[in-house]
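Participant: Let me begin by handing over the structure; questions about it come next.
The values are calculated or read from the model by the stated rules, or taken from the named source; none is laboratory data. Please read these numbers as outputs of a predicted model, since none were measured by experiment. Heads up, the Cβs are rebuilt from the backbone with ideal geometry, glycines too, and the neighbour counts pull from every protein chain shown.
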Amino acid sequence: MSLAPRLGFGLGLRPPHYADALAGAPAVDWWEVISENFLVAGGNPRRVLREVRARWPVVLHGVSLSIGSAEPIDRGYLDRLAALVDEVEPALVSDHLCWTALGGHQSHDLWPLPYTEEALRLVVAKVGQVQDRLRRRILLENPSSYVTFAASTLGEAEFLAEVARRADCGILLDVNNVFVSATNHGWDARAYLAAIPVERVAQLHLAGHSRRDRWLVDTHDHAVCPEVWTLYAEACARFPGVATMIERDDHLPPLAELIAELDVARATAAEVRGG
């Protein structure tokens, strides 16, 4: 993964910002899009994606691969994703270390796995199927979680690292998710970063979250909080130069406000680099 593209600093492209993104020259190095929103070959979303791709690198980020499910990969979904990859030629393709489907039905929730040797073998085999079909490495993102399994024999970071090693895939490290899960479960967030192999990390995510009673919930509806910015600085020191983007999916502010937040990421990475 040392050959992963050094993309710089990007944003998640969402429909309310389509017009602003295309009308001017926003200070964004690249855009990440949700793969499922563009799987239909025609229509306005695909038109917008083509125009964006003509001007910027694009990253595809999926939520329906269900890589951790005991059920087979959905071949129809994978074929549509492969067609999108062939057309867009994205810089990176990613999904989540989780499962989302049961009995052929999509939950649209990112359910956690038991971190066991059996689950590890299953995930590695399915990553191989996906990478063979797409003819490229994919990235897997650490999920935010609210429960753990008594059956787990590995920590989440160790499990993700071993998946990446055995399957020869990359890691999309979500710094906010590290903070959310560490807070919810009493983990050491810095030890989590230390357990992730540097050479496998090709992208970093930043986002906001909400508090509900004693839980932090990965809602993507707030600005990045100070504690996550602090953890991001540590991530920049461990994973220098890795592409960074900010996710915002609800309570969307104007695009200029998101770009200002992205400038904080730029400044943080530059300060760590300078230090």
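Participant: Being modelled with pLDDT under 95 and either crowded, with 16+ Cβ neighbours inside 10 Å or part of a loop (DSSP other than H, G, I, E, B) (or both) narrows it down to one residue among THR183, THR219; which is it? Steps first, please.
Facilitator: On the way: THR183 fails: modelled with pLDDT under 95.
Just a single option satisfies the conditions, and that option is THR219.
Participant: Which helices (runs of 4 or more DSSP H) sit wholly inside the stretch 7-111 and have at least 1 residues that are β-branched (Val, Ile, Thr) and within 26 Å of PRO253 (Cα to Cα)? It would help to see each step written out before you state the result.
Facilitator: Working: elements: 18-23, 43-55, 75-88.
Once the helices (runs of 4 or more DSSP H) in the stretch 7-111 are filtered for at least 1 residues that are β-branched (Val, Ile, Thr) and within 26 Å of PRO253 (Cα to Cα), what remains is 43-55.
Conditions (1) hydroxyl-bearing (Ser, Thr, Tyr); (2) more than 18 Å from the chain's Cα centre (by Cα); (3) over 18 Å from ASP74 (Cα atoms), marked per residue:
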position: HIS96; (1), (2), (3): no, no, no
position: GLY128; (1), (2), (3): no, yes, no
position: ALA151; (1), (2), (3): no, yes, yes
position: ASN176; (1), (2), (3): no, no, yes
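Participant: Something else now. Inspect the stretch 167-174 for any residue being modelled with pLDDT of 95 or more, touching a Leu at 6+ places or on another chain (Cβ under 8 Å) and not in a strand (DSSP E or B) and give the result as yes or no.
Facilitator: Of the stretch 167-174, the ones modelled with pLDDT of 95 or more are 167-174.
Next, only the ones that are touching a Leu at 6+ places or on another chain (Cβ under 8 Å) stay: 169-174.
From the residues that got through so far, the ones that are not in a strand (DSSP E or B) too are 169.
The answer is yes; a qualifying residue exists.
Participant: Within the stretch 19-28, work out how many residues are free of Cβ contacts under 8 Å to residues at least 60 places away in the same chain and buried (at least 18 other Cβ atoms within 10 Å of the Cβ).
Facilitator: The first filter runs over the stretch 19-28 and keeps only residues free of Cβ contacts under 8 Å to residues at least 60 places away in the same chain, leaving 19, 22-25.
Add one more test, that the residue is buried (at least 18 other Cβ atoms within 10 Å of the Cβ), and what stays is none.
Result for the stretch 19-28: 0.
Participant: Still on this model: Looking at the stretch 45-69 only, could you name the residues that are within 30 Å of GLU118 (Cα to Cα), of a type in the set (Val, Ile, Thr) and surrounded by fewer than 20 Cβ atoms within 10 Å (Cβ to Cβ)?
Facilitator: Taking the stretch 45-69 as the starting set, the residues that turn out to be within 30 Å of GLU118 (Cα to Cα) are 60-69.
Retained after the next criterion (residues that are of a type in the set (Val, Ile, Thr)): 63, 67.
Within the stretch 45-69, VAL63 is the sole residue that qualifies.
Participant: Tally the residues that are farther than 17 Å from ARG166 by Cβ and either exposed (fewer than 14 other Cβ atoms within 10 Å of the Cβ) or without any contact (Cβ under 8 Å) to a residue 24 or more places away in the chain (or both), restricting the search to the stretch 125-135.
Facilitator: Qualifying residue count, the stretch 125-135: 1.
Participant: Considering LEU252, LEU206, LEU262, which residue is in contact with a Pro (Cβ under 6 Å, 6 or more places away or on another chain), surrounded by 15 or more Cβ atoms within 10 Å (Cβ to Cβ) and farther than 20 Å from GLY155 by Cα? Spell out the reasoning first.
Facilitator: Values: LEU206 fails: in contact with a Pro (Cβ under 6 Å, 6 or more places away or on another chain); LEU262 fails: in contact with a Pro (Cβ under 6 Å, 6 or more places away or on another chain).
Just a single option satisfies the conditions, and that option is LEU252.
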